[in-house]
Amino acid sequence: MSQISADNDRFPPGRPVVFRNATVLTIDPSLGMLEGGDVLVVGDRVEAVGRQLTVPDGTMEIDATNGILMPGMVDTHRHMWQTALRGFGADWTLTNYFQFYYLNWGKIFRPEDIYAGNLLAAIEAIDAGVTTTVDWSHGLQTTEHADAAVDALEAIPGRFVLAYGNLLGAPWQWTKAPEFADFIRRRIDGKGDRLRMQLAFDVTGDPAFPEKGAFEAAREFNLPVTTHAGVWGATNDNGIRLMHEHGFMTPSTIYVHAATLSEDSYQRIAATGGHASVSSESEQNAGQGYPPTWRLRRYGIPVSLSMDTSVWWSGDLFSAMRSTLSADRAREHLEAHKRNETVVLSHLRAEQVVTWATLGGAQALGMDNLIGSITPGKKADLVLVKNDQSPVMFPLLHPYGHIVFQAGRGDVHTVVVDGRVVKYEHRLVGIDLNTARQAVARTVEYARTQMGEQAWNAAMNPEKAVVELRDNPYTYTDQARARAAQGDGAAAQAAPQE
Ligand SMILES: [Zn+2]
């Protein structure tokens with residue numbers, strides 16, 4: 001018997017599941033945290049939360065002792081198609097990224113490449129306990145590309161929102177194409193809450209506001225808009241002002257990064273009920289601006305978390321929670337130091353960040369009536385963080401802090417999506433990783449051939465910025481040695497003897 005059919009025998013659809021004796025972070029304000037707690041799943045719903053629950057005959061029992069059970073995490077912004085080139089841009093800036101995808105190579109990606117990246121990203125998401133992911137899919141040059149994106153999302157038992165985009169086209173044009181409306185009818189309508197759709201495009205700030213037509217299309221198709229806002233050098237306050245003046249800022253709008261914006265823009269976002277998607281690991285590395293949570297709270301703007309793209313960094317929300325909490329606290333300290341003050345009490349708490357990674361994402365997507373907390377009646381999207389082989393899983397004193405600063409994706413023991421067990425005892429259930437491995441290998445081979453070896457290597461290894469060395473007044477400054485200490489080996493050799 002194959003592993004996959006064995007999995008299907010063990011986890012037949014519809015078999016109730018109970019988690020026993022967990023530390024349950026319900027993220028439901030009325031239920032709070034429950035130690036020694038049980039959670040019963042019947043069908044696609046959470047049936048009960050309590051202690052020593054009575055369960056139906058035939059219920060599968062999962063021993064969650066020494067583990068933390070939390071709601072499935074929600075990533076509100078991922079370019080899933082880019083996972084096909086995982087890690088390629090580790091040393092990029094945002095400029096390198098724009099040059100690669102927008103100017104030079106974005107056009108080479110075929111429907112099968114979109115499929116490959118999405119398939120791997122979708123598997124990666126559920127493996128890491130990210131049960132809902134917004135696929136900010138801006139490589140959809142044709143509806144064949146979009147069909148491929150959805151084919152991959154439907155092949156994996158996660159919950160997804162296709163944020164339809166096309167970085168090579170004008171959104172006020174492609175949203176008007178008859179095949180776009182046809183795609184929505186064919187692939188999205190009637191799919192329920194496992195596959196939803198948003199419209200993904202950016203607002204340039206052009207005073208003529210050409211994006212108006214795209215916002216009108218969003219309204220016509222009843223699709224939320226998700227947009228990169230407050231991105232240094234790309235989008236700014238002008239875009240926010242134009243959206244607001246034309247009445248297109250709504251509670252369903254998601255502002256990704258929202259990093260380099262003025263007080264006036266934050267007030268407009270807050271006044272219209274929009275949500276931020278903060279990608280701290282992205283903002284810290286690429287240069288959109290400083291992760292903005294420390295500012296957003298002053299305006300009451302709700303926060304969700306995201307990982308942006310695996311072409312650079314990681315794709316799990318443990319990293320998002322950790323980097324967000326760290327960036328927020330770092331900024332509060334630095335701002336205080338500028339005033340010659342000391343931060344004595346932390347404002348942002350681990351519990352808040354876990355809430356952003358779960359319920360905050362669900363609220364941003366308008367899905368908090370369905371997901372985001374462990375609440376009887378809601379959909380059963382659950383993550384058990386438990387690892388009896390790990391020296392990091394005990395003692396378990398501060399469960400929210402444990403999730404944010406101690407645990408990692410390797411500690412994800414069991415994942416349930418829509419009542420279905422998709423990972424158990426650290427192993428994916430009924431998912432064939434080899435299909436994704438082969439699809440991605442074909443895309444890598446193809447992209448490398450299309451680009452040519454020289455361009456491939458140059459794109460992966462952009463030129464390094466040079467450090468301006470300071471002369472040291474206390475000693476003779478050996479420039480070559482100092483450069484070598486910076487890792488500038490070639491520069492050290494090339495440096496003239498002074
Ligand atoms: Zn992005």
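The values are calculated or read from the model by the stated rules, or taken from the named source; none is laboratory data. If you're wondering where the values come from, they're calculated on a predicted model, not measured in any experiment. Using ideal geometry, Cβ is built from the backbone for each residue, glycine included, and neighbour counts are taken over all protein chains shown. Heads up: the accessible areas ignore ligands, DNA and RNA and are worked out on the full protein's heavy atoms, side chains in. Shrake-Rupley method; radii C 1.70, N 1.55, O 1.52, S 1.80 Å.
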Filter result (at positive phi and either under 24 Å from the mean Cα position of the chain (by Cα) or open to solvent by less than 10 Å² (accessible area, probe 1.4 Å) (or both)) within region 203-261: F209, N222, G230, G233, H257, A258
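One line per residue, one yes/no per condition, for (1) in contact with a Pro (Cβ under 6 Å, 6 or more places away or on another chain); (2) closer than 27 Å to H77 by Cα; (3) of a type outside the set (A, V, I, L, M); (4) open to solvent by 40 Å² or more (accessible area, probe 1.4 Å):
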{"residue": "P302", "(1), (2), (3), (4)": "no, yes, yes, yes"}
{"residue": "S319", "(1), (2), (3), (4)": "no, yes, yes, no"}
{"residue": "H333", "(1), (2), (3), (4)": "no, no, yes, yes"}
{"residue": "H347", "(1), (2), (3), (4)": "no, yes, yes, yes"}
Selection count, region 433-491, where residues are out of contact with any Ser or Thr (no Cβ under 7 Å at 6 or more places or on another chain), modelled with pLDDT under 95 and of a type in the set (D, E): 4
I'd like the full set of residues that are in contact with a strand residue (DSSP E or B) (Cβ under 9 Å, 6 or more places away or on another chain), within 15 Å of the ligand (Cβ to nearest atom), assigned to a loop (DSSP other than H, G, I, E, B) and at pLDDT 95 or above, limited to region 302-350. S306, M307, T309, S310
Test for Q141: is it at pLDDT 95 or above and either in a helix (DSSP H, G or I) or surrounded by 24 or more Cβ atoms within 10 Å (Cβ to Cβ) (or both): no
Can you pull out every residue in region 259-280 that is within 12 Å of the ligand (Cβ to nearest atom) and in contact (Cβ under 8 Å) with a residue 40 or more places away in the chain? S277, V278, S279
Quickly run through region 367-397 and pick out the residues that are farther than 16 Å from G36 by Cα and either open to solvent by 40 Å² or more (accessible area, probe 1.4 Å) or of a type in the set (F, W, Y) (or both). D368, N369, P376, G377, D388, Q389, P391, V392
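Residue by residue, here is whether (1) open to solvent by less than 30 Å² (accessible area, probe 1.4 Å); (2) within 24 Å of N387 (Cβ to Cβ); (3) part of a strand (DSSP E or B) holds:
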residue: L31; (1), (2), (3): no, no, no
residue: V55; (1), (2), (3): no, no, no
residue: M70; (1), (2), (3): yes, yes, yes
residue: T76; (1), (2), (3): yes, no, yes
residue: W92; (1), (2), (3): yes, no, no
residue: T95; (1), (2), (3): no, no, no
residue: N104; (1), (2), (3): no, no, no
residue: K107; (1), (2), (3): no, no, no
residue: I114; (1), (2), (3): yes, no, no
For region 144-183, which positions are farther than 30 Å from L69 by Cβ, assigned to a loop (DSSP other than H, G, I, E, B), away from the ligand (no atom under 16 Å from the Cβ) and open to solvent by less than 10 Å² (accessible area, probe 1.4 Å)? T175
Find the strands (runs of 3 or more DSSP E) located wholly in region 371-445 whose residues include 2 or more that are farther than 21 Å from L120 by Cβ, and list them. 382-385, 412-417
Pairs only if they're at least six apart or on different chains, beta carbon under 8 angstrom, first in region 223-237 and within 18 Å of L199 (Cβ to Cβ) and more than 13 Å from the ligand (Cβ to nearest atom), second in a strand (DSSP E or B) and of a type in the set (S, T, N, Q); list them, first residue then second. L223/Q198; P224/Q198; V225/Q198
